[in-house]
Amino acid sequence: MYVLVGYATAHGSTRGVAERLAAGLGRAGLQTDVRPLDVVDDADAYGAFVLGSAVHNQSWLDPAKEFVSDNLELLGPRPVWLFSVGMPGALRGPWKRLGPMEAPVVVRSLPADLSYRDHRLFSGVIRASQLPLGGRIRFRLLGGRYGDFRDWDAIDSWAAEIAGELLRT
Ligand SMILES: Cc1cc2nc3c(=O)[nH]c(=O)nc-3n(C[C@H](O)[C@H](O)[C@H](O)COP(=O)(O)O)c2cc1C
């Protein structure tokens, strides 16, 4: 079965997460393609989907939202996993607990009738140069730190879970 690991990124860190997930699925014996979602026009070729996006303003980027909306019918009967790449790992102190609260908010920005097996919110990379001035001020007020917060162990173990489910079916 071919698995599409599809992503939307603004600054590249989500592509890194997608490539790592695909590598994990590949190690388990699955065939994968890693592709940006705005170039996928042959979704029918895939038997399973791991779809993700960078999070901006608590929502997926447009190319990822459009892919899901345009392919809802096709995705329906096929196994789908969702991942979001945001900045929960960048928060500190009392703001840290806001991180996990974001995951359900992000999913609510997707079509309500999208069925999926699991959704994970991973931490990505956050740099001052990526944020407008207002965003940098808000980020500092939330006790944010800049850096690369990708948790490769968590990403690898989720890939192994997905592979386990797909290989059982
Ligand atoms: C304009 C902007 C808005 C963002 N808004 C959010 C947000 O609402 N929630 C969040 O968790 N992360 C937010 N982030 C952080 C990004 O999701 C994070 O840096 C992620 O790693 C970006 O992925 P990318 O490198 O693939 O673009 C924002 C980043 C930018 C640049």
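Each value in this text was obtained by applying a stated rule to the coordinates, not by laboratory testing. Everything numeric in this text was worked out from a predicted model, so none of it was measured. Reconstructed Cβ throughout: ideal geometry from the backbone, glycine too, with neighbour counts over all protein chains shown.
Numbers below:
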{"read-out": "Cα long-axis angle, helix 98-108 against the chain (0 to 90 degrees, to the nearest 10)", "value": "40 degrees"}
{"read-out": "Two-decimal Rg to Rh for the chain - Kirkwood Rh, Cα set", "value": "0.97"}
{"read-out": "Acute angle (nearest 10 degrees) that the helix 152-168 long axis makes with the longest principal axis of the chain, alpha-carbon atoms", "value": "20 degrees"}
{"read-out": "Span from the segment 1-31 Cα centroid across to the segment 143-169 one, whole angstrom", "value": "10 Å"}
{"read-out": "By average C-beta atoms within 10 angstrom, highest first, the peptides 129-142, 107-120, 30-43", "value": "30-43, 107-120, 129-142"}
{"read-out": "Residue among Thr169, Val5, Ala45 farthest towards the positive dipole end of the chain, charges placed on Cβ", "value": "Val5"}
{"read-out": "Charge context of Ser123, other residues only, Cβ under 14 angstrom, K/R +1, D/E -1", "value": "+3"}
